[in-house]
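The values are calculated or read from the model by the stated rules, or taken from the named source; none is laboratory data. It should be emphasised that the depicted structure is a prediction, and the values quoted were computed from it without experimental measurement. Using ideal geometry, Cβ is built from the backbone for each residue, glycine included, and neighbour counts are taken over all protein chains shown. The accessibility values were calculated without ligands, DNA or RNA, using every heavy atom of the protein model including side chains. Shrake-Rupley method; radii C 1.70, N 1.55, O 1.52, S 1.80 Å.
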Amino acid sequence: MAWKSIVPGTELSDAKADRKIAVSIEKYKVSPNAIYLSGEYLPTSVIKEAKKQASTYTPNCACGKGIPVFKIRIDYGAEKPLILMLEKEANADKLLQIILG
């Protein structure tokens with residue numbers, strides 16, 4: 001699979017090799033160089049700010065019965081930030097620690 005950078009012009013020299021050393025955190029793979037999503041990646045070098053916030057996820061409009069989750073909001077200079085959703089706070093903290101160094 002050819003990996004594509006979310007931000008054109010910021011491609012890693014060998015994204016495939018970097019992804020092999022990336023750590024799995026819930027549904028994401030994260031290395032000090034990039035966050036890997038489905039077929040795309042965001043290089044950590046373009047991240048301007050990242051913060052964690054508690055939230056709820058309501059699947060299928062479940063009438064107020066939301067599942068507590070943590071969202072990581074990543075601002076990287078685009079119009080809309082990248083939002084990552086994680087179930088466990090410890091995983092959200094671990095992801096932040098890896099991408100922010």
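Observations on the model:
- Sparse-neighbourhood loop sites, trypsin sites (Lys or Arg not before Pro) in segment 12-69 - DSSP loop, at most 10 other Cβ within 10 angstrom: Lys48, Lys65
- Fraction of accessible area attributable to carbon and sulfur, the chain (%, probe 1.4 Å): 50
- Our helix-only sum for the chain, with -39,500 (n - 2.57) per DSSP H run of n ≥ 4 divided by its residues, gives a mean residue ellipticity at 222 nm of -5500 deg cm²/dmol.
- Per residue, in Å², the accessible surface of the chain once ligands and nucleic acids are set aside, probe 1.4 Å: 64
- Rounded to the nearest 10 degrees, the inclination of helix 89-100 to the longest alpha-carbon principal axis of the chain is 30 degrees.
- Exposure of Thr56 as accessible area (Å², to 10), given a probe of 1.4 Å and all protein chains: 90
- Gaussian network model of the chain, Cα within-10 Å springs - most flexible of Ser38, Ser24, Ser55: Ser38
- Cα principal axis extents for segment 62-101, largest first, Å: 36, 27, 6
- Eligible aspartates and glutamates near Lys4 by straight Cα distance, threshold 16 Å, same-chain separation 8 or greater: Asp14, Asp18, Glu40
- With the cut-off at under 13 Å, measuring from each backbone N in segment 77-93 to a point 7 Å along the Cα-to-Cβ line of Ile47 picks out 77, 82-85, 92-93.
- Across all Cα atoms of the chain, the radius of gyration (one decimal) and Dmax (whole number) stand at 14.2, 47 Å.
- Set of lysines near Lys94 by C-alpha distance (under 19 Å), chain-local residues within fewer than 8 positions excluded: Lys20, Lys27, Lys29, Lys48, Lys51, Lys52, Lys71
- Inter-centroid distance (Cα atoms) of segment 74-99 relative to segment 7-71, Å: 6
- Among beta bridges that DSSP assigns inside the chain, antiparallel share in %, nearest 5: 90
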